[in-house]
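Visitor: Just passing along the structure, written as structure tokens.
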Amino acid sequence: MRWYVIKAVSGRENHCREQIAIQLKVRKLVGFVGQMLIPAERVTEVKRGKKVTTERKLYPGYIYIEMELNNDVLEASMASMASRASWVLIPAIRIP
């Protein structure tokens, strides 16, 4: 399996990841996909005198996915994101 980067709509990464997972499960292609990651970090800020911990995405609009690329997996992933983004698949050279 290799890592790929999917360009999704910024702010909708979690929704896109869930939709891809649902499509893969429905089409029984879960075995071709390893992990789906949205790199994020926890940030503590002071707002109105209180410490607030929030999660900030390191690469907004991108989903990292480990998968064995074939037509069925590609079709399932594209079908789940068809209405939300232009679909770009980039082979990842280095995973953060």
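Nothing in this text is a laboratory measurement; each read-out follows from the coordinates by a stated rule. The shown structure was predicted, so the numbers you read here are calculated from the model rather than taken from an experiment. Neighbour counts are summed over all protein chains in view; Cβ atoms, including those assigned to glycine, are modelled from backbone coordinates with ideal geometry.
Visitor: Taking the Kirkwood radius as the inverse of the mean 1/r across Cα pairs, report the Rg/Rh of the stretch 2-91. Don't jump to the answer; show the numbers that get you there.
Guide: Working: Rg = 15.2 Å, Rh = 14.0 Å.
Using only Cα positions, Rg/Rh for the stretch 2-91 is 1.08.
Visitor: While we're here: Residue-wise, which Karplus ³J(HN,Hα) couplings in Hz belong to the stretch 36-51, taking 6.51 cos²θ - 1.76 cosθ + 1.60, θ = phi - 60°, and x for glycine or proline?
Guide: 10, 10, 10, x, 8, 9, 8, 10, 9, 10, 9, 10, 6, x, 10, 7
Visitor: Next question. What FRET efficiency would be calculated for the residue pair Tyr59, Arg27, taking the C-beta separation as r and a Förster radius of 30 Å, to the nearest 0.05?
Guide: About 0.65, to the nearest 0.05.
Visitor: Which residues among the stretch 3-26 fall inside the zone where the amide N is under 15 Å from a point 7 Å beyond the Cα of Glu68, along Cα→Cβ?
Guide: Once the point is set 7 Å along Cα→Cβ of Glu68, 3 turn out to lie under 15 Å by backbone N, inside the stretch 3-26.
Visitor: Can you tell me which lysines have their Cα less than 22 Å from the Cα of Lys47? Leave out same-chain residues fewer than eight positions away.
Guide: Counting by Cα, and skipping residues close in sequence, Lys47 has these lysines nearby: Lys57.
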